[in-house]
Amino acid sequence: MPDLSNRKLILGSTSAYRCELLSRLNIPFSVESPHVDETPLSGERPADLARRLALAKAHAVAQRFPDCVVIGSDQVADLNGLALGKPGTHDRATLQLRQMRGKTVIFQTAVAVVCLETGFSAQSLAPVKVTFRPLDDAEIENYLRIEQPYDCAGSAKSEGLGITLLDAIESDDPTALVGLPLIRTSRLLRAAGIQLLVAPRAST
């Protein structure tokens, strides 16, 4: 196993949600934008898309910082095989929520950890089953106007008012739906040699 314990850690994402989540692990890291084309390939399944993009984001940043450990992550909402990404606009968000109301959607959240200098590369997928209430158009419109979740796959922030749109959430990695599965991320970082739960240094 390569020893990466003293290497700089980089989050290959400019997502404020992922940055806040990774901060919970209480380890130092920096943030870099991966600049990856997120266009799905022809016939690509949502889970495969999430895996590919998470790894692509990690590798894109690792190319610029080959001696660092890089985390990449991606999330795709899977509606019966139809991939739903970030809506970007009010109209697209309205369409997404209308498509998902009264249905169960699998939010496929992938995470990858890469260090090019040592050749370490690993990834994991955290599917989250989300059941939406049978929302009416007024509820959808009011929610979008209040929270404006246009940068979230599936057009809903479960950590905010979006929780009121849901009937149920099933997951074995609680933060996956927000954008970064911390249980799986911690597992990959430990496998990479990154030390977690390190005792704080004594003050001098």
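Read-outs throughout are calculated quantities, based only on the coordinates presented, and are distinct from any laboratory measurement. Note that this is a predicted model, so its numbers are computed, not measured. Glycine also receives a Cβ, built like all others from the backbone with ideal geometry; neighbour counts cover every protein chain displayed.
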Describe numerically, in nm with one decimal, the distance between label points set 7 Å from Cα along Cα→Cβ at residue 16 and at residue 137. 3.1
Amide hydrogen neighbours beyond the local backbone of residue 133, cut-off 5 Å, H modeled: 102, 166, 167
Beta carbons within 10 angstrom, averaged per residue: use that to sort the peptides 129-140, 171-182, highest first. 171-182, 129-140
For the stretch 48-204, restrict the atom set to alpha-carbon positions and state the Rg and Dmax in Å. 17.8, 61
Between residue 63 and residue 27, what is 0.36 nm times their sequence separation minus the Cα-Cα distance? Round to one decimal in nm. 10.7 nm
Considering only 77, 87, 16, whose Cα is most displaced toward the positive end of the charge dipole of the chain, charges sitting on Cβ of Lys, Arg (+1) and Asp, Glu (-1)? 16
Radius 11 Å from Cβ of residue 168, net charge of other residues (Lys, Arg +1; Asp, Glu -1): 0
Note down the relative contact order for the stretch 25-135 as a percent, whole number, built from C-alpha pairs under 8 angstrom at least six residues apart. 27
Neighbour net charge for residue 16 - beta-carbon separation under 12 angstrom, K R +1, D E -1: -1
Length gained, residue 172-residue 145, 0.36 nm per residue minus C-alpha separation, equals 6.6 nm
Determine which lysines satisfy two conditions relative to residue 103: a Cα distance under 28 Å, and not lying fewer than 8 residues away in the same chain. 86, 129, 157
Quick check: pseudo-label points 7 Å beyond the Cα along Cα→Cβ at residue 91 and residue 39, how many nm apart are they? 2.1
